[in-house]
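Everything below concerns the one structure shown next.
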Amino acid sequence: MDLNHIDTVTLLNMREEGSISSVELLTHFLDRIEKHNTAVNAVVTLNIDQAMEKAKAADEATARGESWGKLHGLPMTIKDTFEVIGMKATAGATELADYYPTAETGVVEKLHQAGAIIFGKTNTPPFAMDVQSYNELFGVTHNPWHGDHTAGGSSGGSAAALASGFTTLEMGSDIGGSIRTPAHFCGVYGHKPTHNIVSLHGHIPGPPGTKGQPDLAVGGPLGLSANDLALGLSVVAGPDPLHRVGWQLRLPQPRHQKLSDFRVAVWLDDEVCPVDKEMLGVFETAVSSLESTGAKVKRTRPAEMKEILAIYYTLLASFTGAGIPKPIYEHYASVKKDLKAYQEKYDLPVEFLTHVAGRTASHRQWLGANEQRAKMQYRLRDFFKEYDVLLTPVTPMTAPPHNSEGPMEARQIVINGQKRPYVDHFPWIALATMAGLPATSAPVGFTKAGLPVNLQIIGPFLEDYTTIKFAELLSEKHGGAVFPKLD
């Protein structure tokens, strides 16, 4: 039986029907990893013995007519920023090279309660702080479609593992597009949930043992289909242990069940962050296909990108800068005194200077940005009364060649033959992150070079299943995941 790239929902149905066992599934994934992981370098840690014992126990439970939950007996991998007992949790950092957690909370706890078998960890940049996945511990993760190109980050190992057929369901995390961008670069599905509906207890960063829920950051699923995203989200969404005593989560059902009923806002290009012309062509084909269904489509945007970035970069830098060592903090405090010189040194966009300054922002400055965010959230609430979803790029380009030299500010990418700052990877993901909105990254095609292209589907606050449903319906009309032939 060919088990390559069958989505999670289908595999679980097959297991329930008795046509495949958990042991057979785990064996299949392990064999494929052994055969192809050397070239891709997506899976960095395995726990084979414990996983095989649990797979056998799952099959025995099935034979008795028992079920552990929605993911009963499903072998899966998870990003190496989540703490799983029995496996290292390094977050790609040398400082955590030998860290073995002694407890599981948040996403991992819920996956295990649903019956999943976590057998491996996938690669990430150090402390999940890049849009590429590489580190001194495990090396570079390569894009399964083109080995000279990045798989993305920080959930790059997650997306590459899915595209390579090493797993069918993954859990990543996202504050700067770290679910959406790797999904786009590798041509799989990824969902950034509404902020605060998925507990990030047991996730690094922050440091091991952190109990606070971070600003902006979320955990969420990556999969081979939109249905996998809906299943994964239904398992991990809900209150953390402190709050579950007094409240529960009931996300709304999708607004519509047919593409023709959707009211779609489309924002595909912007002078602040120009988009690759060939990729724009793929988007336009997808939008034309959407229009042919009778969906109501309008070219519009809820706010100007400069306004969005001013809020996002301040909040992002305040969060990421909170834990930087004192010498680095003092460096940025010095830089802040002459931002123009710093901009000219690295040829940075003016908008990004807000991020540079925000690394040493005061609490007073953060509060100001937080209030701006709240007002933007109310504007977006009104916007999504008129529209059901907003379609945008995830990043301005497909997966770029590997480039991890120097700080991110010093790197460049090429868009339409013109050099652009590396930080152009962030503007298109900023709106959903800043406002805490759900956003689904969904495959819609390929460039002539054979690199995948995903659309970003942004939706109303707490209406995650609307963006996921739209991705599912769109795949039936246009796009859907296609996978590289590694054999």
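The values are calculated or read from the model by the stated rules, or taken from the named source; none is laboratory data. Since we're looking at a predicted model, the values are computed, not measured. Virtual Cβ from ideal backbone geometry, glycine too; neighbours counted across all protein chains shown.
Check 317, 322, 333 and return the single one that is farther than 19 Å from residue 393 by Cα, buried (at least 17 other Cβ atoms within 10 Å of the Cβ) and out of contact with any Pro (no Cβ under 7 Å at 6 or more places or on another chain). First the steps, then the outcome.
Working: 322 fails: buried (at least 17 other Cβ atoms within 10 Å of the Cβ); 333 fails: buried (at least 17 other Cβ atoms within 10 Å of the Cβ).
Going through 317, 322, 333 in turn, just one is farther than 19 Å from residue 393 by Cα, buried (at least 17 other Cβ atoms within 10 Å of the Cβ) and out of contact with any Pro (no Cβ under 7 Å at 6 or more places or on another chain): 317.
Suppose the filter is among the aliphatic types (A, V, I, L, M), surrounded by fewer than 19 Cβ atoms within 10 Å (Cβ to Cβ) and in a loop (DSSP other than H, G, I, E, B); does residue 481 pass it?
Working: among the aliphatic types (A, V, I, L, M): yes; surrounded by fewer than 19 Cβ atoms within 10 Å (Cβ to Cβ): no; in a loop (DSSP other than H, G, I, E, B): yes.
In short, no.
Selection of the range 308-348 for residues being touching a residue at least 60 places away in the same chain (Cβ under 8 Å) and among the charged types (D, E, K, R) yields only 347.
With the range 114-200 as the region, which strands (runs of 3 or more DSSP E) entirely inside it contain at least 3 residues that are over 23 Å from residue 226 (Cα atoms) and at pLDDT 95 or above? I'd like the intermediate steps shown before the answer.
Values: elements: 117-122, 146-150, 169-174, 189-192.
The qualifying strands (runs of 3 or more DSSP E) are 146-150.
Please determine whether any residue of the range 361-375 is assigned to a helix (DSSP H, G or I), touching a Leu at 6+ places or on another chain (Cβ under 9 Å) and more than 30 Å from residue 263 (Cα to Cα). Yes, some residue in the range 361-375 is assigned to a helix (DSSP H, G or I), touching a Leu at 6+ places or on another chain (Cβ under 9 Å) and more than 30 Å from residue 263 (Cα to Cα). Do the conditions hold for residue 362, that is, is it touching a Lys or Arg at 6+ places or on another chain (Cβ under 9 Å) and either surrounded by fewer than 14 Cβ atoms within 10 Å (Cβ to Cβ) or on the phi > 0 side of the Ramachandran plot (or both)? So residue 362 fails the test.
Being at pLDDT below 95, closer than 29 Å to residue 242 by Cβ and buried (at least 21 other Cβ atoms within 10 Å of the Cβ): is that true of residue 106 here? Answer is yes for this residue.
If the condition is being touching a helix residue (DSSP H, G or I) at 6+ places or on another chain (Cβ under 6 Å) and buried (at least 21 other Cβ atoms within 10 Å of the Cβ), then the range 269-293 contributes only 273.
Just one of the listed residues (381, 420, 411) is on the phi < 0 side of the Ramachandran plot, free of Cβ contacts under 8 Å to residues at least 24 places away in the same chain and either surrounded by fewer than 22 Cβ atoms within 10 Å (Cβ to Cβ) or not assigned by TED's automatic domain parsing to the domain that holds residue 313 (or both), namely 411. Selection of the range 414-443 for residues being in a strand (DSSP E or B) and of a type in the set (A, V, I, L, M) yields 414, 415, 439, 442.
State whether one or more residues within the range 208-221 are outside any loop (DSSP other than H, G, I, E, B), closer than 15 Å to residue 74 by Cβ and touching a residue at least 60 places away in the same chain (Cβ under 8 Å). Quick ask: steps written out before the conclusion?
In the first step, residues of the range 208-221 are kept if they are outside any loop (DSSP other than H, G, I, E, B); the result is 218-221.
Going one step further and asking which of them are closer than 15 Å to residue 74 by Cβ, we end up with 221.
Next, only the ones that are touching a residue at least 60 places away in the same chain (Cβ under 8 Å) stay: none.
Within the range 208-221, none of the residues are outside any loop (DSSP other than H, G, I, E, B), closer than 15 Å to residue 74 by Cβ and touching a residue at least 60 places away in the same chain (Cβ under 8 Å).
If you check 62, 94, 105 for being out of contact with any Gly (no Cβ under 7 Å at 6 or more places or on another chain) and farther than 26 Å from residue 487 by Cα, only one passes: 94. Of the residues screened, residue 25 is one that is surrounded by 20 or more Cβ atoms within 10 Å (Cβ to Cβ), in contact (Cβ under 8 Å) with a residue 40 or more places away in the chain and not acidic (Asp, Glu). Of 78, 20, 33, 6, all but one fail to be out of contact with any strand residue (DSSP E or B) (no Cβ under 8 Å at 6 or more places or on another chain), aliphatic (A, V, I, L, M), buried (at least 17 other Cβ atoms within 10 Å of the Cβ) and within 24 Å of residue 151 (Cα to Cα); the exception is 6.
Could you tell me whether residue 428 is under 19 Å from residue 310 (Cα atoms), surrounded by fewer than 19 Cβ atoms within 10 Å (Cβ to Cβ) and of a type in the set (Phe, Trp, Tyr)?
Numbers: under 19 Å from residue 310 (Cα atoms): yes; surrounded by fewer than 19 Cβ atoms within 10 Å (Cβ to Cβ): no; of a type in the set (Phe, Trp, Tyr): yes.
When the stated conditions are applied, residue 428 does not pass them.
Here residue 89 qualifies as touching a residue at least 12 places away in the same chain (Cβ under 8 Å) and either among the β-branched types (Val, Ile, Thr) or crowded, with 21+ Cβ neighbours inside 10 Å (or both). For residue 251, the conditions (1) exposed (fewer than 15 other Cβ atoms within 10 Å of the Cβ); (2) over 22 Å from residue 80 (Cα atoms); (3) not basic (Lys, Arg) are fulfilled apart from (1). Could you count how many residues in the range 52-82 are under 25 Å from the mean Cα position of the chain (by Cα) and over 20 Å from residue 234 (Cα atoms)? The number of residues fulfilling the criteria is 2. There is no residue in the range 24-34 that is more than 15 Å from residue 161 (Cβ to Cβ) and under 24 Å from the mean Cα position of the chain (by Cα).
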